[in-house]
Amino acid sequence: MKDKVVFISGSARGLGASLAESFYHDNANVFCASRSGEKPKSLENTDPKRVSSGTLDICDYPSCEQAISQCLLIFGRIDILINNASGFFGRKKIGDYSPVELRSEIETTLLGAINLTNVFVERAALEDINQHIIFISSTSGLSREGGNELFPVYAAAKAGIIRFAECINASTREKGIYSHTLIPSNMALR
């Protein structure tokens with residue numbers, strides 16, 4: 001991973017923070033993008049030439065454009081885009097969501113990844129190197145996964161992530177951009 005540039009959305013805490021820390025320790029340059037614009041606490045006192053951060057609201061297309069542009073300005077390229085940012089309103093059955101929660105869940109978890117991916121392919125695609133888009137989905141997005149009745153909107157959005165990654169694979173591969181989907185189960189993060 002030495003000198004690779006990794007852009008991670010939703011990296012201020014949780015899985016995104018763990019990914020940022022792992023890539024940093026594997027000698028990658030890391031751009032941490034989150035609503036707060038903060039680096040994960042574990043990376044606060046690291047080499048600023050290798051770790052940078054920026055504000056990103058993935059629901060806002062101009063914010064996606066600004067974050068990608070900022071990373072390109074700092075590091076010159078993006079080798080790996082990790083679509084990690086996600087919304088989650090907890091254990092609610094359908095009928096218990098407010099209209100704002102429904103919209104926010106879909107916009108953050110699904111549309112946000114689509115926004116960021118579109119900007120990345122438009123602005124950061126390079127002809128001379130292979131690049132990767134990694135989508136973080138969830139076992140909730142798989143059919144017949146038990147317990148999904150307690151977070152059906154999140155599960156539907158994560159299923160959409162899986163399908164979106166499949167749909168774009170042929171067209172992005174033509175540009176040397178390979179899409180991958182990671183499907184973690186429940187996890188405890190430090």
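The values are calculated or read from the model by the stated rules, or taken from the named source; none is laboratory data. Quantities reported herein were computed from a predicted structural model and do not represent experimental measurements. Methodologically, a virtual Cβ is constructed for each residue, glycine included, from the backbone with ideal geometry; neighbour enumeration extends over all protein chains shown. The area values use the complete protein model at the heavy-atom level, side chains included, leaving out ligands, DNA and RNA. Shrake-Rupley method; radii C 1.70, N 1.55, O 1.52, S 1.80 Å.
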Tell me, which residue of the range 115-137 that is of a type in the set (A, V, I, L, M) and in a helix (DSSP H, G or I) is modelled with the lowest pLDDT? Ala124
Can we say Ile168 is within 23 Å of Glu101 (Cβ to Cβ) and outside any strand (DSSP E or B)? no
Name every residue in the range 103-127 that is over 14 Å from the mean Cα position of the chain (by Cα), open to solvent by 40 Å² or more (accessible area, probe 1.4 Å) and acidic (Asp, Glu), in order of residue number. Glu122, Glu127
Cβ pairs under 8 Å, 6+ apart or interchain, first in the range 38-55 and more than 15 Å from Phe7 (Cα to Cα), second assigned to a loop (DSSP other than H, G, I, E, B), ordered by first then second residue, are Thr46/Lys39
Condition first: part of a loop (DSSP other than H, G, I, E, B), small (Gly, Ala, Ser) and either in contact (Cβ under 8 Å) with a residue 12 or more places away in the chain or more than 20 Å from Gly147 (Cα to Cα) (or both). Now tell me which residues in the range 93-114 satisfy that. Ser98
Anything in the range 152-165 that is open to solvent by less than 30 Å² (accessible area, probe 1.4 Å) and either modelled with pLDDT under 90 or within 16 Å of Arg91 (Cα to Cα) (or both)? List them, or say none. Val153, Ala155, Ala157, Lys158
Residues of the range 1-54 being in contact with a strand residue (DSSP E or B) (Cβ under 9 Å, 6 or more places away or on another chain), of a type in the set (Gly, Ala, Ser) and more than 20 Å from Ile133 (Cα to Cα), in sequence order, are Ser36, Gly37
Taking only the range 1-21 into account, find how many residues are within 25 Å of Val121 (Cβ to Cβ), at pLDDT below 95 and among the polar types (S, T, N, Q). 1
Among the residues of the range 63-70, is any acidic (Asp, Glu), farther than 18 Å from Leu19 by Cα and either open to solvent by less than 10 Å² (accessible area, probe 1.4 Å) or in contact with a Cys (Cβ under 6 Å, 6 or more places away or on another chain) (or both)? no
Can you name every residue in the range 79-97 that is on the phi > 0 side of the Ramachandran plot and open to solvent by 40 Å² or more (accessible area, probe 1.4 Å)? Gly95
If you go through the range 47-61, how many residues are out of contact with any Lys or Arg (no Cβ under 8 Å at 6 or more places or on another chain), open to solvent by 30 Å² or more (accessible area, probe 1.4 Å) and assigned to a loop (DSSP other than H, G, I, E, B)? 6
Search result, residues across the range 22-46 that are open to solvent by less than 40 Å² (accessible area, probe 1.4 Å) and outside any loop (DSSP other than H, G, I, E, B): Phe23, Tyr24, Asn29, Val30, Phe31, Cys32, Ala33, Ser34, Leu43
Among (1) of a type outside the set (S, T, N, Q); (2) farther than 19 Å from Ala159 by Cβ; (3) open to solvent by less than 50 Å² (accessible area, probe 1.4 Å), which single condition is Val100 missing? (3)
